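One structure is given here, and the rest of the page talks about it.
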Amino acid sequence: MHLVCGVDEAGRGPLAGPVCAAAVILDPAQPIAGLADSKKLSAGKRERLALEIRERALAFGVAWASVEEIDSINILQATLLAMRRAVESLSVRPDEVLIDGNCCPSLDLPARAIIRGDATEPAISAASILAKTARDAEMQRLHQAFPQYALDRHKGYDTAAHRVALQLHGPAGCHRKSFAPVRALLRGQQKMAPHHDS
């Protein structure tokens, strides 16, 4: 049996929180109805499908790249790192890896990047659902630590409400310092710090 693994990420664009990637090998004997790009599904539907994927897939892996890694190696490299970690965490070795987007992480397996693959390849759709639900849960957890930013609502994305909270409270440890809006605020804070003449 030719085992195909689908890979997708969640959280490339936000100003806060880690980036998450998932890898899924679906079981042809246990098809899952309703798989689609996670962005096209309601939160409730995503949660139900995520449960089904975890129960029925031959194997799945969820992995992360931290805010520190994003700031250190850039968001694209951090995303590819999370993807590689997700594939490497699988309990079953696939024959082929299909990745959503136009870049492949470095893997010791045949891999293909498919633009809009989350809409056309069921295994990538499944990965997109697992990555999105795992990251949303992580942002809920971060919200408990940093309630002033309302991360539970916008999940760290660059919304007007998030910008206002950043202006009011300044960036926190959960924010990506290499992203322009956060970087600009940090630069502004440095300028505002009092200078002492020696």
### Task
Would you mind telling me which residue in 14, 94, 147 has the biggest mean-square fluctuation in a Gaussian network model of the chain, where springs connect alpha carbons within a distance under 10 angstrom?
147
### Query
Among 57, 77, 1, whose Cα lies farthest out toward the positive end of the dipole of the chain, if unit charges sit on the beta carbon of Lys, Arg (+1) and Asp, Glu (-1)?
77
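I need to check one value: relative contact order of the stretch 11-145, counting alpha carbon pairs closer than 8 Å and at least 6 residues apart, in percent. Spell out each step's value before the answer.
Working: 221 pairs, mean separation 45.9, N = 135.
Reported as a whole number, the value is 34 percent.
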### Summary
Counting only DSSP beta bridges with both partners in the chain, the antiparallel fraction in percent, to the nearest 5, comes to 65 percent
### Task
List the aspartates and glutamates whose Cα lies under 14 Å from the Cα of residue 132, skipping any in the same chain that are fewer than 8 positions away.
8, 9, 37, 47, 100, 118, 152
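Quick one: which of 40/155; 45/177; 40/177 span more than 22 angstrom between C-alpha atoms? The partial results should precede the final answer.
Numbers: 40/155 17 Å; 45/177 33 Å; 40/177 30 Å.
Among 40/155; 45/177; 40/177, the Cα-Cα distance tops 22 Å for 45/177; 40/177.
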### Query
Using alpha carbons only, how many degrees (0 to 90, rounded to 10) separate the axis of helix 180-192 from the longest principal axis of the chain?
20 degrees
### Task
With +1 on each Lys and Arg Cβ and -1 on each Asp and Glu Cβ, and nothing else charged, work out how big the dipole of the chain is about its Cα centre, in Debye to the nearest 20.
620 debye
### On Cα atoms only, tilt of 122-145 relative to the major axis of the chain in degrees
30 degrees
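Could the peptides 150-159, 117-126 be put in order, highest first, of the mean number of other beta-carbon atoms found within 10 Å of their residues?
Values: 150-159: 18.2, 117-126: 23.2.
Ranked by mean Cβ neighbours within 10 Å, highest first: 117-126, 150-159.
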### Message
For the stretch 57-146, which trypsin sites (Lys or Arg not before Pro) pass both filters: DSSP loop (anything but H, G, I, E, B) and at most 15 other C-beta atoms within 10 Å?
### Response
116
### Message
If amide hydrogens are placed 1.01 Å from N in the peptide plane, which non-local residues have theirs closer than 5 Å to the one on residue 114?
### Response
99, 100, 101
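Each value in this text was obtained by applying a stated rule to the coordinates, not by laboratory testing. No experiment lies behind these values; they were computed from the predicted model shown. Methodologically, a virtual Cβ is constructed for each residue, glycine included, from the backbone with ideal geometry; neighbour enumeration extends over all protein chains shown.
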